[in-house]
Every structure is written in structure tokens, then in C-alpha cells.
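Visitor: If you scroll down you'll find the structure; I have some questions about it.
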Amino acid sequence: MRLEYDVAAGDFTRAGNASSAIKKALKQLGVAPAVVKRVVVAVYEAEVNIVAHSYGGHITADIEPEGISVVLADTGPGIPDVRKAMQKGFSTASKEVREMGFGAGMGLPNIQENADDLKIETEVGKGTTLSIYIKF
Amino acid sequence: MEHNTFHKALEIQPELCIGCSHCIKVCPTEALRVSGGKALLYADWCIDCGRCFRVCPSRAIRVVDDDFDNIFSYRHRVLLVPAVFYAQFEKRIPRRVINDILGDMGFSEVCTVEQSADTLVEEINGYVRGAGEKPVISSFCPAVIRLIQVRFPSLIDRIMLLLPPIEVTAQYYVRRWQMGGGDPAELGVFYLTPCIAKIAAVKSPVGGYESPISGVINMDYVYNKVLHAYKNKKYPEEGMGTESVNDAVSSKGLLWPLTGGEASQIEGRALSIDGMSNVIEFLEKLEDEEIEEPIDYLELRGCDESCPGGILVQGNRFLVADNLREVAASAPDTHIKAEEYKRFCSAYIKMDAVEPRSMVKYDKDINVAIKKMEMAGMLRKILPDIDCGACGAPSCEALAADIVREDASLNNCIFMQARFEKEGSLQVSEAIDLMEQVWGKDRFVNKEKSESE
Ligand SMILES: Nc1ncnc2c1ncn2[C@@H]1O[C@H](COP(=O)(O)OP(=O)(O)O)[C@@H](O)[C@H]1O
Ligand code: SF4
Ligand code: SF4
Ligand SMILES: [Mg+2]
């Protein structure tokens, strides 16, 4: 089953809409609470990154009986050094973003921790695509 | 579909139900439908909050309680009375008269439920200090516990594994009887309940526990009895009552059933939230990890103003709460039985983990559930999304789920009917037939009659 959402850049009030809709669906399917939690954390962080760091993007979640795969694709500046970006505490978030309580540099590490599989494809000046897989 | 595993504390009386759909709109778990002109309850989804009972305009929802005369199957009959019961009469009827009337009704002993609060405060604070994940969620309100079991299974580990005051107090009277050499079969412990959630909690408790309470009695029934006896001066003269009274209680205990009564006793930061919608709103945030400030304890109560707002409480909830506060202001900090409670009950105060009771919205088998959810998603796209309720389901989303579970059909939607009619695939008479299946024949007959008159 496929669920799809558009994500607008800069709109922090709506960041989290996609992850809560996915949460609702997984709960209704009876997926174990601990697994749902991991999905929510990973998708939420990736969703916030689209809002904070890109020009906008699209989320596609495919739910299968064995697990969920979520692809979050954005157009934006891309990530020049993925290894660095994956480090805890590393952030290029603007002052405004930080003042809103985002930009602690924990997003990507949290995604890594909660996903069973994480793939990052990124091209500087074009955009970033995260593919997250979590087993049920 | 069959939904009947748990104790049902309420029942819809078809002969009184007019199928008006007020109840289906207020249920926090969407456990009600209208079909054949009558409300139907999916008992497994019901959390016994009592909201439907409150809004029913024709009193068609009945509380399933124990037959009062059952009390006489026991030789020694203890009645556990919550403080809110007395607070309904405060200033009008002296307490000794109330107790004497309860004695006349057949109770050998009349005891205050909240006596155990003093012991509980210490236990709770110890529990909160040692808790791994916070906030700890109070185990006080059974409607909230059931809400968490059904709608927030991921928060189930936060529920405090200590018994609520009523169970601790019941344990005390059972121990005391046994230690005094009494025959267990001769003791009946009864609870005068302000709500149906407590009935369900006694009948099918959570946390691997079996309640020693022998029966539950509706507070509104006894309230009316007491009022009637008082008005007709049918009560013993002072000093002539047959019951013994154990009403020692501290200010802590008296405040416990009120909003904030529990939270104010917690060391650390505690929030008190009352009213089902407020509780749900907060739990959603907690589940989504949107609560970033540290909180140690959550006192969550299903009813507005907590237990003074219980559906079986007859007094106005604001007045009842105010009366209780006034009595508490002049009550002692602790009471003479507090030490004894500690000795008798500390071994019995814990319960096992609470089990989740997730709603099976589509199917137990995830393969089937995904397919059905996908179908429901497609149906959602054609349904009008205005949640009018005319189909007998509380929302378009609920109807879509009902359709894929084969509990309803797309034709139940009046908008779809109009469309089918326009397209010629459904005749007016067929549409009326379909509406009759939902709302019952009588409704349409009555309408025609009153219009032609
Ligand atoms: N979708 C994205 N587009 C561009 N840059 C990104 C994106 N996601 C993450 N980054 C970069 O990786 C850094 C680390 O991300 P993250 O760990 O989520 O921390 P934070 O978002 O708090 O800065 C960001 O500061 C940003 O430089
Ligand atoms: S008691 Fe509450 S949960 Fe149960 S059917 Fe009524 S409104 Fe729904
Ligand atoms: S707040 Fe009190 S009266 Fe209301 S449901 Fe909870 S325990 Fe019952
Ligand atoms: Mg981030």
C-alpha cells in the first residue's frame, strides 16, 4: 500500500504531518508499538530536514506485510559531505532554524539508529533522496 | 462482526433507543453505530467512558450493575463509599443521617474509599523516583487506562503498576476480616461507584489482578434512596443506627478524586488533565514525542472535574467539587488508620504489567489488513468527507472501514445514493429501503404520518 505526501520548504508548523499520518496507518494495521515508534522518529527527522534544508520534496511510503520503505526525495542544495553530516551534532542549520528549536545535528544519526536500512543519494546543487527501510 | 470479550458495563435498550445518533458522535473510540434504527455497540472497542450515556436524550443506555439484593448473600456487608457521594449532600443532610440510612439499607459497615490515599502517596512517590521512563501515568481512572490500552498501546509501559485507592481499601477490609478470624465466605465488600468505568474495572481488572470486591452498586440509585428516606424522615434517631462507621480520612484522601488532588501530592513535576478530549490531545502529543519539557507524573481523568463529573453522580460537578474542597480544608493531614493501612496493604499494592488491547480496525492478519486499508483509502476518495453521520457511522473514515469489513455498504452514504440515483443505477424506492436498513422503518413511517396530519 502506498501513501504519498508533499513537503514544503520552510513550513515548520506542518513538519510532522506525514510522519503522523504514517503512524496512524501503522497503528491501525496493528504493527508493534516499538516498531511504529522507530518509523515515526526516522520519518519525522527526514521530513524536518526537507523543511529545514531543501527547497521542498516528496515522501512516498510503501507498506508491505514485512516492513515499510519510505523514500524522501527533495530538490535542494544536496549534502556535500555525507560522512560529516552523519556525525552527531553536525549541523549547518541557519540561526532562524535554530531559534525555532531545530538544528541540533541529531537528525541523520537518529535516522541511522532507527532504520534497519538507510541509503542516502545526494548531488550538490540538485537534491537529496533518503531511502529508509524498517522491518515489522 | 462479534465484539464481546470484555465486561460490558453498559447496554443499549433497543425498546428505548430512537436511533438519533447523538451517541455515535461522541464516542472517543468510534465504538458505536446506528443500524436498523438502533444504536449498536462494538463492546471490544468501548472504554467505558460514559460519554454516550451522558448525551443519550432518551435514556436508552443502561448501566449494567449488580442486583442490590445480592448484598444479603453475605453476613457482614461492607460498603465502600467514595468521598464524592457525601459531597453531593453536604450542607443539606448530616453525615450521620446518611450513614444511618445506608445502615438501614442493609450495610453492616460504612467505610470511606479514600482512606488508602495516605499509604498510596508514599508508594507512588517511591515508584516515580525509581521509574525509568517518565512521565509515569496514574492508574486511578479506569477509563483512561482502557483508552491507553485501546488507542495508545505504545504508552502502556508508562502506566503506574500500583493499584488505585478503591482496590487498596478493599484489600484492607478483606485482610482485617481475615486477621480477625472471619470466614472469607461471609464477607461481602461492595463499592458505591460514581462511574461505569469503575464497574468494568472491578469486573475485568487489568494487570493480572483479581478484585476482592463482591459487587458494585450505582451511586445514583443509592443517592435517590438516601434523599427519599431523608425527606420522608425514615431514618433512625441519633445513636440508634445499626451500622459501624469507618470514615476516618485525611485532607489528601478527600482531595484525591478531584482534579489536581493526586498531582499536588507528587514530588517533582506533575500535571493534572481532566476530560476525555483533553486527555486524548495530550496523549497524542506524548506518543509523538512532542512533549519536550520534563514531566514526572500525569494525573489523567476521563471526566470533566474528575469524579464529581462521574455519570452516576447526581450533584452538579462544580458544587460537588467545591463541597469536597471545603471539607478537606478542615480535615487533618493524616488519619488514625493510616499506619494500619501501611502494615496491611503494602504487600498487595502492586499489580503486573497492563496488557495492550489494540483495536483490530481491519484484520488481525497484516496481509489482509493492508489490502483492506488500501480499499478503505480508495473509498475515502469518493466519500464526501463531511462526517454527517447519516450513514450510521461516526465519520466517513469509519464508514469506509465498516464497508471493507463488510459491516456496511457504500449505499449507506446518502451522498453516494444521490449520485447513484442521478446515474440511474439506484431507484428512489431502493434508496428508501437502504435508509430504512440504517435508521429503521418506524422513522420514515412516523415522519409521513406527522406530515399528513
Ligand atoms: N535534505 C537535506 N538537504 C540538504 N542538506 C541536508 C539535508 N538533510 C541533512 N542535511 C545536512 O546534514 C546536516 C545534518 O543533518 P541533521 O543530522 O538532521 O541535523 P540538523 O538538521 O539538526 O542540522 C544538516 O545540518 C544539513 O547540513
Ligand atoms: S462508554 Fe465511551 S467508549 Fe463506550 S461506547 Fe460509550 S462513548 Fe464509546
Ligand atoms: S474521572 Fe473518576 S468518575 Fe470519571 S471515569 Fe475516571 S474514575 Fe470514573
Ligand atoms: Mg535535522
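Visitor: Six or more apart or on different chains, Cβ under 9 Å: which pairs go from a residue in the range B:40-58 that's more than 17 Å from B:Glu15 (Cβ to Cβ) and among the small types (Gly, Ala, Ser) to one that's near ligand 2 (Cβ under 7 Å from one of its atoms) and assigned to a strand (DSSP E or B)? Could you list them?
Guide: B:Gly50/B:Leu10
Visitor: Here's another thing I want to ask about it. Across the range B:354-385, what is the total count of residues that are free of Cβ contacts under 8 Å to residues at least 12 places away in the same chain, more than 12 Å from every other protein chain (Cβ to nearest Cβ) and outside any helix (DSSP H, G or I)?
Guide: 1
Visitor: Here is a further query. Residues in the range B:156-188 that are within 14 Å of chain A (Cβ to nearest Cβ) and either among the small types (Gly, Ala, Ser) or within 19 Å of the chain's Cα centre (by Cα) (or both): how many?
Guide: We begin by selecting, within the range B:156-188, every residue within 14 Å of chain A (Cβ to nearest Cβ); these are B:156-159.
Add one more test, that the residue is either among the small types (Gly, Ala, Ser) or within 19 Å of the chain's Cα centre (by Cα) (or both), and what stays is B:156, B:159.
Looking only at that region, the number is 2.
Visitor: Need pairs with beta-carbon distance below 7 Å; first residue over 16 Å from A:Asn114 (Cα atoms) and within 13 Å of ligand 1 (Cβ to nearest atom) and within the range A:23-50, second of a type in the set (D, E, K, R) and not in a helix (DSSP H, G or I); sequence gap 6+ or separate chains.
Guide: Final answer for the pair search is A:Ile50/A:Asp74.
Visitor: Another question about this same structure. Quick one: would you say B:Ser35 is of a type outside the set (Val, Ile, Thr), surrounded by 19 or more Cβ atoms within 10 Å (Cβ to Cβ), on the phi > 0 side of the Ramachandran plot and away from ligand 4 (no atom under 16 Å from the Cβ)?
Guide: It is false that B:Ser35 is of a type outside the set (Val, Ile, Thr), surrounded by 19 or more Cβ atoms within 10 Å (Cβ to Cβ), on the phi > 0 side of the Ramachandran plot and away from ligand 4 (no atom under 16 Å from the Cβ).
Visitor: Quick one: is B:Thr242 at pLDDT 95 or above and either farther than 18 Å from B:Ala170 by Cβ or in a loop (DSSP other than H, G, I, E, B) (or both)?
Guide: On the way: at pLDDT 95 or above: no; either farther than 18 Å from B:Ala170 by Cβ or in a loop (DSSP other than H, G, I, E, B) (or both): yes.
Considered against the rule, which asks whether it is at pLDDT 95 or above and either farther than 18 Å from B:Ala170 by Cβ or in a loop (DSSP other than H, G, I, E, B) (or both), B:Thr242 comes out as no.
Visitor: Something else now. Can you tell me which residues in the range A:1-40 are polar (S, T, N, Q) and in contact with a helix residue (DSSP H, G or I) (Cβ under 6 Å, 6 or more places away or on another chain)?
Guide: Scanning the range A:1-40 gives a single hit, A:Ser19.
Table: residues versus (1) farther than 25 Å from A:Leu29 by Cα; (2) within 7 Å of ligand 1 (Cβ to nearest atom).
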{"position": "A:His53", "(1), (2)": "yes, yes"}
{"position": "A:Pro80", "(1), (2)": "yes, no"}
{"position": "A:Arg83", "(1), (2)": "yes, no"}
{"position": "A:Glu121", "(1), (2)": "yes, no"}
{"position": "A:Ser131", "(1), (2)": "no, no"}
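Visitor: Let me ask another. With B:Gln115, B:Gln178, B:Gln149 as the choices, which residue is at pLDDT 95 or above, in a helix (DSSP H, G or I) and more than 16 Å from ligand 4 (Cβ to nearest atom)? Spell out how you get there, then give the answer.
Guide: Numbers: B:Gln178 fails: at pLDDT 95 or above; B:Gln149 fails: at pLDDT 95 or above.
From the options B:Gln115, B:Gln178, B:Gln149, the qualifying one is B:Gln115.
Visitor: Checking B:Ala143 against (1) more than 14 Å from chain A (Cβ to nearest Cβ); (2) out of contact with any Cys (no Cβ under 6 Å at 6 or more places or on another chain); (3) among the small types (Gly, Ala, Ser); (4) in a helix (DSSP H, G or I): exactly one of these is not met. Which one?
Guide: (2)
Visitor: Which members of the range B:289-309 meet the condition of being touching a Ser or Thr at 6+ places or on another chain (Cβ under 8 Å) and either within 30 Å of B:Arg59 (Cα to Cα) or surrounded by fewer than 17 Cβ atoms within 10 Å (Cβ to Cβ) (or both)?
Guide: Across the range B:289-309, the qualifying residues are B:Leu300, B:Arg301, B:Glu305, B:Ser306.
The values are calculated or read from the model by the stated rules, or taken from the named source; none is laboratory data. Everything numeric in this text was worked out from a predicted model, so none of it was measured. Glycine also receives a Cβ, built like all others from the backbone with ideal geometry; neighbour counts cover every protein chain displayed.
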